[in-house]
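Q: Sending over a structure as structure tokens; questions will come in a sec.
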Amino acid sequence: MDESDRLVNSEAFVITQMDYGEADRLYTIFTRSRGKVRAFARGVRKSKSRKAGHLQPLSLINLMLAKGQSAWVITQADTVEPYETIKNDLHKTANAFYIFELVNRFAPEDEAVFPLFNLVKETMSRINGEDDLFMVNKYFELKLLKITGYMPNLSTCIQCGEAILPQDQYFSAAQGGILCPRCGARHPDARKISMLALKYLRFIQRSSYHELGKAHLSQGVKDEMNSIMLYYLTYINEKAFNTPFFIHQLEANDSNKGKNNEPGK
Ligand SMILES: [Zn+2]
């Protein structure tokens, strides 16, 4: 290993952090130049640590990393973009944590994936600056699947190869895509998907972000798209996700509050 491999300067996001020993922390970070890595920061729990303030989840930071004998050590940290709007809004915070939960599950260790890093950065800017997070979220999921090689087939029936007709279909996580009504009925694991939910997933799959524009989807179609994507992502990961449940609770709370604001209540 030569010197350039032992010292790295990279943009990064903190994914998780854990106290370690007397005053240290062990971080999982997603870096531009090394992908997902584990790195120690020495003495960051002491009050005079300058690094501690910059090693925050939900900020884009710049790090200096040095390869120790067994692990990376963070020698310097500076905030590049704090995304204040995200941190001051519970919905935005929850959605951003969902992005990092996905990154933690899908990003390989010690391997740079530049398109994924760029996607995460763009997505953080969108969560920070935009009000409607549904499309931001679905766009991220589908592009993540593309980058990591899990893009579902949404165009033809996975089983018989028939073109998908404009009617309700089935989606099978195990098969990795759409099954026509005839084939879908023979796969007990497959879930029904409405024509409209499938249409929008296909639209997002083939579009760039700026082509999406403002789509006005009913809550029913949004719920269906959320549910199908989560079913597929969970199947690939073989493990449930934590943040979607929290986001769902937040949204349910909001709609209840709306009802309670009616006069006389
Ligand atoms: Zn078929």
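Q: If you go through the stretch 199-223 one residue at a time, how many are closer than 16 Å to residue 247 by Cβ and either in contact with a Ser or Thr (Cβ under 8 Å, 6 or more places away or on another chain) or touching a residue at least 24 places away in the same chain (Cβ under 8 Å) (or both)?
A: Taking the stretch 199-223 and keeping what is closer than 16 Å to residue 247 by Cβ, we get 219, 222-223.
Of the ones still in play, those that are also either in contact with a Ser or Thr (Cβ under 8 Å, 6 or more places away or on another chain) or touching a residue at least 24 places away in the same chain (Cβ under 8 Å) (or both) are 222.
The total comes to 1.
Q: For the stretch 164-184, what are the residues that are of a type in the set (A, V, I, L, M), within 11 Å of the ligand (Cβ to nearest atom) and under 23 Å from residue 230 (Cβ atoms)?
A: If the condition is that a residue be of a type in the set (A, V, I, L, M), within 11 Å of the ligand (Cβ to nearest atom) and under 23 Å from residue 230 (Cβ atoms), then 164, 178, 179 are the ones that fit.
Q: Sort through 148, 156 and tell me the only one that's buried (at least 16 other Cβ atoms within 10 Å of the Cβ) and either polar (S, T, N, Q) or within 16 Å of the ligand (Cβ to nearest atom) (or both).
A: On the way: 156 fails: buried (at least 16 other Cβ atoms within 10 Å of the Cβ).
The unique qualifying residue is 148.
A quick yes/no check of all residues on (1) aliphatic (A, V, I, L, M); (2) at pLDDT 95 or above; (3) in contact with a Phe, Trp or Tyr (Cβ under 7 Å, 6 or more places away or on another chain); (4) under 25 Å from residue 101 (Cβ atoms):
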{"site": "197", "(1), (2), (3), (4)": "yes, yes, no, yes"}
{"site": "212", "(1), (2), (3), (4)": "yes, no, yes, yes"}
{"site": "216", "(1), (2), (3), (4)": "no, no, no, no"}
{"site": "219", "(1), (2), (3), (4)": "no, no, no, yes"}
{"site": "259", "(1), (2), (3), (4)": "no, no, no, no"}
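Q: Only helices (runs of 4 or more DSSP H) wholly contained in the stretch 60-160 count here; list those with 2 or more residues that are over 15 Å from the mean Cα position of the chain (by Cα). Outline the logic, then answer.
A: Working: elements: 84-87, 90-106, 114-129, 133-147.
Of the helices (runs of 4 or more DSSP H) lying wholly inside the stretch 60-160, those with at least 2 residues that are over 15 Å from the mean Cα position of the chain (by Cα) span 84-87, 114-129.
The values are calculated or read from the model by the stated rules, or taken from the named source; none is laboratory data. This one's a predicted model, so the numbers in the text were calculated from it and none came from an experiment. With ideal geometry, Cβ positions are generated from the backbone for all residues, glycine too; neighbour counts draw on all protein chains shown.
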